[in-house]
1. Name every residue in segment 695-716 that is modelled with pLDDT of 85 or more, of a type outside the set (Val, Ile, Thr) and part of a loop (DSSP other than H, G, I, E, B), in order of residue number.
2. Looking at segment 45-66, which of the residues that are in a helix (DSSP H, G or I) and aliphatic (A, V, I, L, M) is farthest from LYS26 (Cα to Cα)?
3. Just one of PRO407, PRO456, PRO431 is farther than 30 Å from GLY495 by Cβ and not charged (D, E, K, R); which is it?
4. Cβ-Cβ distance below 9 Å, separation of 6 or more or different chains: which pairs start in segment 552-567 with a residue that is closer than 17 Å to PHE614 by Cα and end on one that is among the hydroxyl-bearing types (Ser, Thr, Tyr)?
5. Scan ALA93, ALA88 and give me the residue that is within 16 Å of the ligand (Cβ to nearest atom) and either surrounded by fewer than 18 Cβ atoms within 10 Å (Cβ to Cβ) or farther than 19 Å from ALA328 by Cβ (or both).
6. Name the residues in segment 375-385 that are in contact with a Lys or Arg (Cβ under 9 Å, 6 or more places away or on another chain) and within 18 Å of VAL212 (Cβ to Cβ), would you?
7. Determine whether segment 64-75 contains at least one residue that is within 28 Å of VAL168 (Cα to Cα), modelled with pLDDT of 85 or more, aromatic (Phe, Trp, Tyr) and away from the ligand (no atom under 16 Å from the Cβ).
8. In this structure, is PRO188 under 26 Å from PRO329 (Cα atoms), touching a strand residue (DSSP E or B) at 6+ places or on another chain (Cβ under 9 Å), of a type outside the set (A, V, I, L, M, F, W, C) and surrounded by 17 or more Cβ atoms within 10 Å (Cβ to Cβ)?
Amino acid sequence: MSRAAKVVAALQVDEMTERQARAEHKRLADEIAHHDKLYHEKDDPEISDAEYDRLRQRLKAIEARFPQLVDMFSPTQKVAPTPTTAFAKVRHAKPMLSLDNAFTDEELQGFLDRVRRGLERETDLKPDAEIALSCEAKIDGLSISLRYEDGVFVQGATRGDGSTGEDVTANLKTIKDIPQKLKGKDVPKAFDVRGEVYMERNAFMELNARQVAAGEKAYVNPRNTAAGSLRQLDPEITARRPLRFFAYAWGEAEPRAWKTHSEYLKLLKEWGFKINPLTKLCRTADDVRAFYRKIGEERPSLPYDIDGVVYKVDRIDWQERLGFVSRAPRWAIAHKFPAEQARTRLKGIFIQVGRTGALTPVADLEPINVGGVVVARATLHNADEIERLDVREGDMVIVQRAGDVIPQVLGFVPEERPKKTEKFHFPTKCPCPLKTPVKSEEGGVVRRCSGGLECPFQQVERLRYFVSRNCFDIEGLGGTHIENFFNDGLLKIPGDIFRLPGKKDLIRKREGWGDLSVNNLIKAIEDRKTISLDRFINALGIPLIGEATAKIMAQEYGDVDDWLAEMLKAAKERKKAPDDVKKEKAVAEVGESYGRLCNVEQIGVTTADAIAAFFSEGHNVEIIRDLRKQLTVEAVKRRAVAADALLKDKIVVFTGELSSMTRDAAKARAEELGAKVTDSVSKKTSLVVVGENAGSKARKAAELGVQTMTEEEWVKLSR
Ligand code: IVH
């Protein structure tokens, strides 16, 4: 930026001359275009949403004061950049518009007043009459339009520039929240359902961990991951991404049987869509404000990201009367949550050792309130990120908190950098007492302590994880207790936790412990001696296995002993196999157990290899056996199958695209009929149902002489 431009950039809008405003308008428009490109085309933004919103607000303020600057190239006149070309273009039957934002209570009041004035002008609305608003959480994902003809899903597209989007039908077909066929009555013949594709936070974190492990670049947040996943050219990749969908609007809808937005939401549910549960019809401004506050409070504990609340005039005849201005309806607004960002001083950077030995640089901050929560630490992710941010001890840094995701440092404020600062050098030795050398892994992104199982810091972290909320959830062992017990030799391996009740007297003698707290602890431990299989798997801290994958594994294997036996077999098979394995050939080239494992939903070769490596360490197996002796691990309850069920004990595989039902529905039906549904074809497979465009699995079935049938035949058989 030139010096003159810098001066203008620091001015308030009402201090600018017209010439300055013109220059600043152009600079902002260019900058916004640059960030739009990064966001929409590359799914890789450089700045936070709050910073982006600030740029747009400043541009809008300039246009409000100098309306002559508004032209067709101004970002305020566009919804989003024109789509890139990798996908076929789809023209939306009705444009997909955006929403105006309100950031403050005054702006909300402004919206409510405008709606009331508009309706008083356009209809016979009485001055005190109620205007009901449908209030909904604003899901932080990407909006898409789904075309249904005679109730059948035929095409799906991204928003693109609002009039033309990209055809991502094949990818959308892999999302289980999107019905292929609508059920119930009053479905419009020609119908666009609109809503938000998003990814849950847990799923995002697990996926990102796998992404990094495979040497690929980590995604920034769940929304960009969802966008990136939906724009994959190979639907098989999208299918492995846990995408979800909430419906909340429509485009074309002929004929339309509903008169209010809230009626529409009810119908959507009947037709088979998922509706966001944080939705309420509010009749007064106070109700609206209370709803906004309540959702804001719930925000950190939701499983997915939201960035505000959307208010929509409920009556559709009123919506029609109010109409639109350029890119947004007059009858709706997005009330954004305050940016969860703040500035504070970076006191220092220290290195944290994770349970797998990964070294994470952590920012030690002057405590600061960020969106209602005091933050004293924030992650700096890895060595590359520190290098990229170039943050240094003593810097004034910008900290962001999004939901319950770990706070992060976004950058530093150059004007406030102290005179003498030093670039951060990543240590070459682990900070643990063993001071083992640090090794670089996974394409250099991750640095790891080479101490492995011997590293005491890792041991403590593994124990901490074991007792954490999503694992054994043992209350009373949190905080520094694990570390203290470990240092004093009361705990070394997870099984020791269940031997603590026998050491009651020793614990009671410790500082800070009394009868009550000891008894509570013992009770909490005893209560967890019976545990579900998914929690058990999650707690072991197997690299790349988190809560979601643990659940899927538990479903697949059902029983702890079967699971353990299969993992040990898979590890053995893997040892004998060549380095480079393809998922499709894993059964044939590695073995049945390994093949089964890497074909489990969301696992694949990288994760299967991590699991195999874990189970080939004798120490890990001993830990599990020790736990197994002390605990009851509940088997996953499967629905009882009648002895005469049609497909009892049969192994069924579905391959290719099914047109009359989703893969999940077909799978559920097969399981109801007593079958076990797997992903890969082997000699043991009893039946392969072959859909459209099936590939290698159908060929393999033919080679092995396994029975196959078409979708039509399956429908008849399973009816
Ligand atoms: S209604 C014409 N409802 O927010 C009105 N949008 O900033 C169409 N969004 O493009 C949008 N949750 O991607 C609506 N409950 C909700 C929403 C929602 C998230 C997104 C959507 C929209 C953007 C506008």
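The values are calculated or read from the model by the stated rules, or taken from the named source; none is laboratory data. As the structure is a prediction and not an experimental result, all values here were calculated from the model. A quick note on method: Cβ atoms are made from the backbone with ideal geometry, for glycine too, and the neighbour counts reach across all protein chains shown.
1. Result: GLY705, single match.
2. Filtering segment 45-66 for residues in a helix (DSSP H, G or I) gives 49-65.
After this cut, where a residue has to be aliphatic (A, V, I, L, M) as well, the list is 50, 55, 59, 61-62, 64.
Numbers: ALA50: 20, LEU55: 12, LEU59: 9, ALA61: 14, ILE62: 11, ALA64: 15 Å.
Restricting to residues being in a helix (DSSP H, G or I) and aliphatic (A, V, I, L, M), the top hit is ALA50.
3. On the way: PRO456 fails: farther than 30 Å from GLY495 by Cβ; PRO431 fails: farther than 30 Å from GLY495 by Cβ.
Result of the check over PRO407, PRO456, PRO431: PRO407.
4. These pairs meet every condition: TRP563/TYR557; LEU564/TYR557; ALA565/SER593; GLU566/TYR557; GLU566/SER593; MET567/TYR557; MET567/SER593.
5. ALA93
6. Selection gives ASN382, ALA383.
7. The initial filter retains those residues of segment 64-75 that are within 28 Å of VAL168 (Cα to Cα), namely 73, 75.
Now restrict to residues that are modelled with pLDDT of 85 or more: none.
Among the residues of segment 64-75, not one is within 28 Å of VAL168 (Cα to Cα), modelled with pLDDT of 85 or more, aromatic (Phe, Trp, Tyr) and away from the ligand (no atom under 16 Å from the Cβ), which makes the answer no.
8. Here the answer is yes, as PRO188 does meet what is asked.
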